[in-house]
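Encoded as structure tokens, the structure appears first; notes follow it.
The values are calculated or read from the model by the stated rules, or taken from the named source; none is laboratory data. On a predicted model such as this, the values are computed, not experimentally measured, just so you know. Please note: Cβ atoms are built from the backbone with ideal geometry, for glycine as well, and neighbour counts cover all protein chains shown.
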Amino acid sequence: MKQTLEQKNKKTMNGVIVSDKMANTAVVLVTRFVKHPKYHKYQKQSKKYKAHNEGNAHKVGEKVVIEETKPISKNKHFKII
């Protein structure tokens with residue numbers, strides 16, 4: 001039961017791989033829509049995350065789901081699932 005509770009609290013996001021040149025690491029671009037507080041118009045915001053890509057199995061342009069995990073390195077806190 002403890003594992004199911006931990007998995008529920010993990011953040012998952014959808015994104016597209018924009019770089020896979022690092023060893024076992026991919027850069028994933030995650031875009032989301034945010035409503036402007038004053039003008040009530042939706043704006044697209046993007047952010048890049050470094051995610052663990054075991055054996056470089058995923059390539060540039062693929063749509064992937066990344067999941068939050070314990071820190072793997074200084075900048076890597078996500079893994080591709």
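What to note about this one:
- Some residue of region 46-61 being acidic (D, E) and at pLDDT 95 or above: no
- Taking region 32-56 as the range and being within 16 Å of V18 (Cβ to Cβ) and not in a strand (DSSP E or B) as the test, the residues that pass are N53, N56.
- Selection within region 26-81: residues that are of a type in the set (D, E) and more than 19 Å from K10 (Cα to Cα). The member of this set that is surrounded by the most Cβ atoms within 10 Å (Cβ to Cβ) is E62.
- Near pairs, Cβ below 9 angstrom, 6+ apart or cross-chain, from region 40-55 (on the phi > 0 side of the Ramachandran plot) to any residue that is surrounded by 12 or more Cβ atoms within 10 Å (Cβ to Cβ): G55/N24
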